[in-house]
Amino acid sequence: MNLTSYRTLGRSGLIVSPLALGTMTFGAERWGAGTKASRELFDTYVEAGGNFLDTADVYSGGSSEEMLGSFVADTGLRDRLVIATKSGFARGQGTPLHGGNGAKNIRLGIEGSLKRLKTDYIDMYWMHVWDRTTPAEEVLQTLVDAVRSGKILHYGFSNTPSWYVAKVATLAAAHGLPAPIGLQYAYSLVDRGVELDILPAAAEFGMGLVPWSPLAAGLLTGKYRRDMIAQAGASGGLPDKAAANDETESNGRLNGDNPFGGMLFTEHNFDVVDVVRQVATELEQPLAAVALAWLVQRPGVDTILVGASRAEQLSQNVISLEVELTSDQLARLNQISAPPSFNPYFIFDLPTQVMFGGQTVQPWGK
């Protein structure tokens, strides 16, 4: 597998690479990539056959979109690339109208992104975050209007409860409207929470998952030591900045800090890292390549969002597509990273014999 092993995103005709280039680092001079490094990242990805580029209106205060738009325009590759962007987090202070999921902000977000990206349409538009305020009906109507106007081609949801997404998808189906095709949530070997509700909802409604933070803010690269657990607990967060080759969001600032604070630094998570390191040693591959190789073949995952601050980091991530895990290695990774049996999800996993009088029933499509 490589970046030209294209697949469709969800139940749609949108064709994407198995790794998407996240551009949150673009324009983040302090911890990410300046103009030259960003252009090298863009060129490295595109020249390797990658076609899916993901940004947001708030990344680097809009600079990420501007830089991406300039790179695409300069190369003349717009028709060969899939551009995704987002709205939802506040673009500024002083007014609530420049954030959230209301019709006005979505419209302002789309118009602003189109200008910064130097394009007249957006291939994939994400609701960046659930605002816990706007009715699903309003969000659906606003996004459908944007599709019908040609300003966006497809849409999806990030960091939103499964019930809310399911409501939008159900309303769209009931009224014959364009439906969401993708979901974007954190997913990695140390955070498999999406498997409880998000992935089942995606399968039911034909949406593909695009995981962010696939390396758990750098933890799965092996850059942190187990003795940092105490240090993180004392400081309430990471001892230093999150790895630049992992997309992270923090407190609405989107500045590259670990969004989980000290929660990532647990004995269990370092147990996961130990198994990843064992497998990486067996395969003579970087830890990050093993973690990404595990994720890219997970059911429901269509493409993975990877970020980097240097072209070398991106090239290492691309190597993950060539890594083949044995059944034994997969079993070990699955076992050590298995999420706990939360209520009520353990009930959903009971054998069918419990419900059907001791008989086994195979559901359709399984």
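What does the charge count near D57 come to, summing +1 for each Lys or Arg and -1 for each Asp or Glu among other residues with Cβ under 9 Å from its Cβ?
Summing Lys and Arg as +1 and Asp and Glu as -1 gives +2.
Pick from F26, F270, F52: which is most flexible by mean-square fluctuation in a GNM of the chain where alpha carbon atoms under 10 Å apart are linked?
F270
What three numbers, in Å, describe the spread of the alpha carbons of segment 5-91 along their principal axes, ordered from the longest?
Cα extents, longest axis first: 36, 29, 21 Å.
In debye, nearest 20, what is the charge dipole magnitude of segment 77-188 about its Cα centre with +1 on Lys and Arg Cβ and -1 on Asp and Glu Cβ, if you could check?
320
How much net charge surrounds A103 when only the other residues with a Cβ under 10 Å from the Cβ of A103 are counted, with Lys and Arg +1 and Asp and Glu -1?
After counting each charged neighbour, the total is 0.
Return the loop-located GluC sites (Glu not before Pro) in segment 287-366 (DSSP other than H, G, I, E, B) with at most 12 other Cβ atoms within 10 Å of their own Cβ; answer none if there are none.
Answer in residue order: E324.
Give the residue list of chymotrypsin sites (Phe, Trp or Tyr not before Pro) in segment 290-345 that are DSSP loop and have at most 10 other beta-carbon atoms within 10 angstrom.
Of the chymotrypsin sites (Phe, Trp or Tyr not before Pro), the ones in loops of segment 290-345 whose Cβ has at most 10 other Cβ atoms within 10 Å are F342.
Please work out how much length the chain gains when fully extended from E322 to A338, using 0.36 nm per residue of separation minus the C-alpha to C-alpha distance, in nm with one decimal.
Taking 0.36 nm per residue and subtracting the Cα distance, the gain is 3.3 nm.
Helix-only estimate, please: 222 nm mean residue ellipticity of the chain, summing -39500 (n - 2.57) across DSSP H runs of length 4 or more and dividing by its residues, to the nearest 500.
-11000 deg cm²/dmol
Take the residue pairs K36/K86; K36/K118; K115/K151 and return only those whose Cα atoms are more than 21 Å apart.
Too far apart for the 21 Å limit: K36/K86.
What list of whole percents do you get for P(r) of segment 63-187, with Cα-Cα distances grouped in 10 Å bins up to the one holding the largest distance?
Over segment 63-187, the share of Cα pairs per 10 Å bin runs 13, 45, 32, 9, 0 percent.
How far apart, in nm, are two points set 7 Å out from the Cα along the Cα-to-Cβ line at L196 and at E284?
4.2
How big is D for segment 138-189, in µm² s⁻¹ as a whole number, if Stokes-Einstein is applied with the Kirkwood radius of its Cα pairs at 10 °C and 1.306 mPa s?
So the translational diffusion coefficient is about 137 µm²/s.
Net charge within 13 Å of E324 by Cβ-Cβ distance, Lys/Arg positive one each and Asp/Glu negative one each, not counting E324 itself?
Here the charged neighbours net out to -4.
Over 5 Å intervals from 0, what percent of Cα-Cα pairs in segment 114-229 sits in each interval?
2, 10, 20, 19, 17, 11, 9, 5, 3, 2, 1, 0
Using 7 Å Cα-to-Cβ label points, what is the I15/Y121 separation (nm, one decimal)?
Once both label points are built, they end up 1.6 nm from each other.
Between N343, N51, N269, which gets the highest mean-square fluctuation from a Gaussian network model of the chain, Cα cutoff 10 Å?
Among N343, N51, N269, the largest GNM mean-square fluctuation belongs to N343.
Determine ³J(HN,Hα), in whole Hz, for all residues of segment 50-59 in sequence, where each value follows from phi through the Karplus function 6.51 cos²θ - 1.76 cosθ + 1.60 and θ = phi - 60°; x replaces Gly and Pro.
x, 10, 10, 10, 10, 9, 7, 5, 9, 5
Answer with one residue from I83, Y45, S315: the one whose Cα lies farthest towards the positive end of the charge dipole of the chain, charges on Cβ with Lys, Arg +1 and Asp, Glu -1.
The residue sitting most towards the positive pole is I83.
Thinking of segment 120-161 as a set of Cα atoms, what percent of all their pairs are more than 11 Å apart?
Of all Cα-Cα distances in segment 120-161, 65 percent exceed 11 Å.
Quick one: give the max-minus-min coordinate of the C-alpha atoms of the chain along each principal axis, largest first, in Å.
53, 52, 42
Where in segment 113-190 are there chymotrypsin sites (Phe, Trp or Tyr not before Pro) that are in a DSSP coil and have at most 13 other Cβ atoms within 10 angstrom of their Cβ?
none
Across all directions of projection, what mean area in square nanometres is found for the Cα convex hull of segment 1-41?
3.8
What is the spread of the Cα atoms of segment 1-153 along each of their three principal axes, largest first, in whole Å?
Dimensions of segment 1-153 along the principal axes of its Cα atoms: 41, 38, 24 Å.
The numbers here are math on the coordinates, done by the rules we state, and not lab data. Being a predicted model, the structure only gives us computed values, none of them experimental. Cβ sites come from the backbone with ideal geometry, for glycine too, and all protein chains shown count toward neighbours.
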